[in-house]
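Derivation of every value follows stated rules applied to the coordinates shown; laboratory data play no part. Since we're looking at a predicted model, the values are computed, not measured. Counting neighbours? That spans all protein chains shown, and the Cβs are built from the backbone with ideal geometry, glycine included.
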Amino acid sequence: MNVILLGPPGAGKGTQAKRLVERFGLAHVSTGDILRAAVRDGSKLGREAEGYMDRGELVPDELVVDIIRERIDAPDCRRGFVLDGFPRTVPQAEALEKMLAAAGARIDSVVALDVADEVVVARNTSRRSCPTCGAAYHLVSAPPKTGGLCDRDGTRLVQRPDDQPEQIRRRMAEYRTKTEPLKAYYRGRGRLHELDGSGSPDEVAAQLARIVSG
Ligand code: AP5
């Protein structure tokens, strides 16, 4: 089972990808997490991507396509994967299609999580993340057990640099112009499912599981 989760920033792609991983034993492939880890490590990739990410812009296609080519070749992806945050442009989708065709694989479902703009802003501004392990929290819907500290490793939680109002607006604009056209791309290939992402994480997860189980 190979699944793509589409949706604006804060739609719940990461939250729902983790549910699919737990339920179906898929590999979680998040380009945002891979890029943030590269920035934390100070690698060449991280140094190239950091400025784009901090401004709320997409990083260039060739950087993320190379990440995905290497990642989906890893052994854990053979039993199926969920792509969270990739593809985000039509050229990325075309590159993915070619990569998978060469490996005799394909995408089974593309699920677009739809949430209203005000929900996007509220979810992103209240998100807190662990700079050590990358775990995400929400001050209201998914708070840490001990104020301000990561449940897993006790690190003080921080706000992502791109979760400031100006960067959230830019990420939403990038989504509209560059990523939303992917809905038509996958609709034309008979793969697209649209899902209201505004319910609780459990409600959305239950509907998503029904969709991907087909
Ligand atoms: P990325 O990390 O992918 O960011 P994003 O798409 O903006 O998505 P988010 O991580 O903000 O949100 P999400 O949809 O995963 O929601 P989440 O589950 O966290 O990318 C970051 C940057 O990396 C990009 O801007 C770009 O620069 C670069 N990049 C990455 N991939 C790229 C690519 N393919 N091409 C080019 N550049 C790329 O939830 C958000 C919050 O809401 C959390 O606090 C969560 O607890 C809460 N929440 C989730 N679901 C619910 C719910 N149902 N009810 C209430 N609260 C909820």
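How large is ³J(HN,Hα), in whole Hz, for each residue of region 20-26 in order, when computed from phi with the Karplus curve 6.51 cos²θ - 1.76 cosθ + 1.60 and θ = phi - 60°, using x for Gly and Pro?
Working through the residues one at a time gives 5, 4, 5, 7, 10, x, 7 Hz.
What ratio of Cα Rg to 2.2 N^0.38 Å holds for region 77-124? List each step's numbers first, then the result.
Working: Rg = 14.0 Å, N = 48, 2.2 N^0.38 = 9.6 Å.
With N residues counted in region 77-124, Rg over 2.2 N^0.38 Å equals 1.47.
Label E22 and I211 with points 7 Å out from Cα along Cα→Cβ: what is the distance between them in nm?
1.9 nm
Among 152-158, 61-67, how do they line up from the highest to the lowest mean number of other beta-carbon atoms within 10 Å? Walk me through the numbers on the way to the answer.
Details: 152-158: 13.1, 61-67: 17.1.
Taking the mean over residues of other Cβ atoms within 10 Å, the ranking is 61-67, 152-158.
Please list, by residue number, everything in region 151-173 whose backbone N is under 14 Å from a paramagnetic label point 7 Å out along Cα→Cβ of C133.
151-157
Relative contact order for the chain using alpha-carbon pairs under 8 Å, separation at least 6, rounded to a whole percent? Mind showing how you got there, number by number?
Working: 310 pairs, mean separation 64.7, N = 214.
Result for the chain is 30 percent.
Between D66 and A142, how many nm apart are label points set 7 Å from Cα along the C-beta direction?
Simple spin-label model gives 3.1 nm for this pair.
Report, in whole Å, the centroid distance computed from the Cα atoms of region 133-164 and region 65-121.
Using only Cα atoms, the two centres lie 26 Å from each other.
Using 0.36 nm per residue of separation minus the Cα-Cα distance, give me the extension gain between D33 and D153 in nm, one decimal.
Working: separation 120, 0.36 × 120 = 43.20 nm, distance 1.75 nm.
This chain segment gains 41.5 nm when fully extended.
For R55 and K183, calculate 0.36 nm times their separation in residues minus their Cα-Cα distance, and state this gained length in nm to one decimal. Walk me through the numbers on the way to the answer.
Working: separation 128, 0.36 × 128 = 46.08 nm, distance 2.47 nm.
Taking R55 through K183 to full extension adds about 43.6 nm, to one decimal.
Apply the Karplus parameterisation 6.51 cos²θ - 1.76 cosθ + 1.60, with θ equal to phi minus 60°, to every residue of region 100-105 and state each ³J(HN,Hα) to the nearest whole Hz, in sequence, with x for glycine and proline.
Taking θ as phi minus 60°, the curve returns 5, 4, 5, 9, x, 10 Hz for region 100-105.
Over 25 Å apart: what share of the alpha carbon pairs of the chain falls there, rounded to a whole percent?
Values: 8177 of 22791 pairs.
When every Cα pair of the chain is considered, 36 percent fall beyond 25 Å.
Per residue of region 165-173, what does 6.51 cos²θ - 1.76 cosθ + 1.60 with θ = phi - 60° give for ³J(HN,Hα)? Whole Hz please, x for Gly and Pro, Karplus curve as stated.
These are the phi-based 3J(HN,Hα) values: x, 5, 5, 4, 4, 5, 5, 5, 5 Hz.
Using a simple spin-label model with points 7 Å from Cα along the Cα→Cβ vector, what separation in nm is obtained for M99 and R40?
2.2 nm
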